[in-house]
Amino acid sequence: MTVATTAAHADQHATRRASINQLGLWLFFLSESFLFCGLASSRFYLAGATTPSDVNQVLGLAITSILLLSSFTAYNAEAAIARGDRATFLRFIRWTILLGLVFVGGVAIEWSTAEFGPKDPYGTAFFTMTGIHASHVISGIGMLGLVYYLGKRGHFSAESHWGVEGVIKYWHFVDVVWVFFYPVLYLINWR
Amino acid sequence: MSSEPGVKHGSSAVRRGRFVFLVLAVLTAVEYLIAIEVGPNLPILIGIAVYKAGLILWYFMHVARAWRGEEESA
């Protein structure tokens, strides 16, 4: 086998591996979507299609905006590593982690100040949905922390950053889930 | 693993990301105002949420190249 043939095989292998990584990640998102769709539908089953008046709308809007902003910083981190700008990449990862922590803090405040209890039909849905979503945010923060640590040690480059891309896609997915949870939990037919 | 062409060209990717973020922020504000001002609002809020999710999937998550080979996206 010639050197050229070996290199071509290695290229093919890398291409195939990248496609498999992408497919695996999207299938994971699909399977997670079933969980979150089930949770969203249970909210309507338990509490109907109205939102109680004592839901904290200001806090809901604030944490939604923070998570949205964190998706923007995550996007910028990925764009930075794709052009080989490590310093900007690390800065935006730090911002994303910080915003994620603020989001979790906001959920914690929401939980501790909510005027409805977990035994109310709406409260059952609210605490379950925000709790499971927040656990995903926390795991995302952990993975972003790992990406930051590895990035700081010189891992990832413009040519090779699947680890960054996968984690940031996960972060965006968590944001997509909240895009639906926000109206379902806070806004729909608010009385 | 390389990213899609848009992500590789730094300044255009950043501009696009900023624009998408602004649209998402405006739509979030619109959702909030609808909740405050409009009575039965389920269909319109779900419609806005679907549009917002589509923007994130398309521009931030690059769903279009999810099943494409690396050679096509490089």
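No value in this document is a laboratory result; all are computed from the given coordinates. None of these values were measured; they are calculated from a predicted model. Counting neighbours? That spans all protein chains shown, and the Cβs are built from the backbone with ideal geometry, glycine included.
Computed values, structure above
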read-out: B:22, A:185 arranged by Cβ crowding within 10 Å, fewest neighbours leading; value: B:22, A:185
read-out: Order of A:97, A:109 - criterion: other Cβ atoms within 10 Å of each residue's Cβ, fewest first; value: A:109, A:97
read-out: Gain on full stretching of the segment that runs from residue A:189 to residue A:54 - 0.36 nm per residue minus C-alpha separation; value: 47.3 nm
read-out: Span from the region A:55-114 Cα centroid across to the region B:28-61 one, whole angstrom; value: 19
read-out: Amide H within-cut-off set for residue A:51, under 5 Å, with H built and near neighbours excluded; value: A:190, A:191
read-out: For chain A, the longest site-free run once GluC sites (Glu not before Pro) in DSSP loop states with at most 16 other Cβ atoms within 10 Å are removed; value: A:1-114
read-out: Mean separation of Cα contacts under 8 Å, 6 or more apart, over the residue count of chain A: relative contact order %; value: 34
read-out: Normalised alpha carbon radius of gyration of region A:32-187 [divisor 2.2 N^0.38 Å]; value: 1.13
read-out: Qualifying trypsin sites (Lys or Arg not before Pro) in region A:1-101, DSSP loop, other Cβ atoms within 10 Å at most 11; value: none
read-out: Sum of -39500 (n - 2.57) over DSSP H runs of 4+, divided by residues of chain A (222 nm, nearest 500); value: -29000 deg cm²/dmol
read-out: Range of Cα positions in the protein assembly as shown per principal axis (Å), largest first; value: 72, 32, 30
read-out: Within a Gaussian network of chain A (alpha carbon springs, distance under 10 Å), most fluctuating of A:65, A:31, A:157; value: A:31
read-out: Residue mean of other protein chain beta carbons inside 10 Å, A:73-83; value: 6
read-out: Residue-by-residue Karplus 3J(HN,Hα) for region A:23-35, coefficients 6.51, -1.76, 1.60, Hz, glycine and proline x; value: 4, x, 5, 5, 5, 4, 4, 4, 5, 5, 4, 4, 4
read-out: Estimated D of region A:114-191 in µm² per second, where Rh is the Kirkwood radius over Cα pairs and Stokes-Einstein applies at 37 °C, 0.692 mPa s; value: 224
read-out: Cβ-derived FRET efficiency at R0 41 Å, residue A:128 paired with residue B:63, nearest 0.05; value: 0.90
read-out: J(HN,Hα) series, region A:7-17, from Karplus relation 6.51 cos²θ - 1.76 cosθ + 1.60, nearest Hz, glycine and proline x; value: 5, 5, 5, 4, 4, 4, 4, 5, 4, 5, 4
read-out: Cα convex hull of region B:5-69, projected area averaged across orientations, nm²; value: 5.0
